[in-house]
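This report refers to the structure that appears directly beneath it.
Taken together, the values in this text are just the output of simple stated rules run on the coordinates, not laboratory data. Please read these numbers as outputs of a predicted model, since none were measured by experiment. Here Cβ is always computed from backbone atoms with ideal geometry, including for glycine, and neighbour counts include all displayed protein chains.
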Amino acid sequence: MYDPLTRLKTMGFMPDLEYHVCSREETVKSYEGLGIVPDTVGGDLSSYDYVLVPGGNGIQDLVKDREFLSWLAVPNGKTVMVAVCGGALLLGAAGLLKDKKVTTHPQFRNVLGRFAGTVTDDRVVDDGTVITAGGVTAAIDLGLYLCEQIAGPDVRRAIQVQMDYHGYPSSKG
């Protein structure tokens, strides 16, 4: 989801677009060992239009981390919570998926059902203040979907062409 969204700025569609990598820690290391230095540590996530929550194997500890889940539990309102893959489990554990229609990686769908109203096998599901996507390749669809929501279908198509990505659902135009 990150790549398509950054193209809103780098391709000149939204040159003033701002985004931050937020964390509760000074540095973050992915399960696979990739180090990420956040722009913002701690703070209130409710000031953002969108909060994007990645998945991956690193969620196992976070799903049990009450402080993290409390930080992530942005009250429903103007902030749209977006998750891909196992990130949806984090939203669920934070109590944000009650009565929501959601999706996640096929391996996690049964577990996600404990937290959500309805779990589907769709690649991207938009249920108002929560948008979720399936596994890692669905993250590209999710990023393009968000580009369309933010900047319109013409911009999404231009980004999709630049990415040379042919997998986006044809029903989205």
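Distant-in-sequence amide contacts of Thr118, defined by a placed amide H-H separation under 5 Å and a gap of 5 or more residues or a different chain, comprise Lys100, Lys101, Val102. Here is the list for region 26-81: trypsin sites (Lys or Arg not before Pro) lying in DSSP coil, each with at most 15 other C-beta atoms within 10 angstrom of its C-beta, are Lys64, Lys78.
Mean separation of Cα pairs under 8 Å and 6 or more residues apart, divided by the residue count, gives the chain a relative contact order of 20 percent.
Judged by the gyration tensor of its Cα atoms, with axes a ≥ b ≥ c, region 27-128 is oblate; a/c meets the 1.5 cut and b/c is at least as large as a/b. Inter-label distance, Thr120 to Leu17: 2.5 nm, where each label sits 7 Å from its Cα along the C-beta direction. What lysines sit close enough to Lys9 to cross-link, taking a C-alpha to C-alpha distance under 27 Å and skipping anything fewer than 8 places away on the same chain? Once the sequence-local lysines are set aside, what remains near Lys9 is Lys29, Lys78, Lys172. Other residues within the sphere of radius under 12 Å centred on the Cβ of Val84, judged by their own Cβ, net out at 0 (K and R +1, D and E -1).
Within the chain, what's the longest run with no GluC sites (Glu not before Pro) in a DSSP loop and at most 10 other beta-carbon atoms within 10 Å? Give the range, please. Between the exposed loop sites, the longest stretch runs 33-173. Length available on full extension from Ser47 to Thr10: 0.36 nm per residue minus the Cα-Cα distance, which gives 11.0 nm. Counting only DSSP beta bridges with both residues in the chain, tell me the antiparallel percent, nearest 5. Expressed as a percentage, antiparallel bridges in the chain total about 30. Ordering Thr129, Ser47, Thr6 by the projection of their Cα atoms onto the charge dipole of the chain, which places +1 on the Cβ of Lys and Arg and -1 on the Cβ of Asp and Glu, puts Thr129 at the extreme positive end.
In this label model, Lys98 and Arg66 are separated by 1.8 nm, measuring between points 7 Å along each Cα→Cβ vector. Evaluated with a Cβ-only charge set (Lys, Arg +1; Asp, Glu -1), region 2-167 carries a dipole of roughly 420 debye about its Cα centre, given to the nearest 20. Listed by chain and number, the aspartates and glutamates placed with their C-alpha closer than 13 angstrom to that of Lys101 are Asp121, Asp122, Asp126, Asp127; residues fewer than eight positions away on the same chain are left out. Mean projected area of the Cα convex hull of the chain, taken over all directions, amounts to 9.7 nm².
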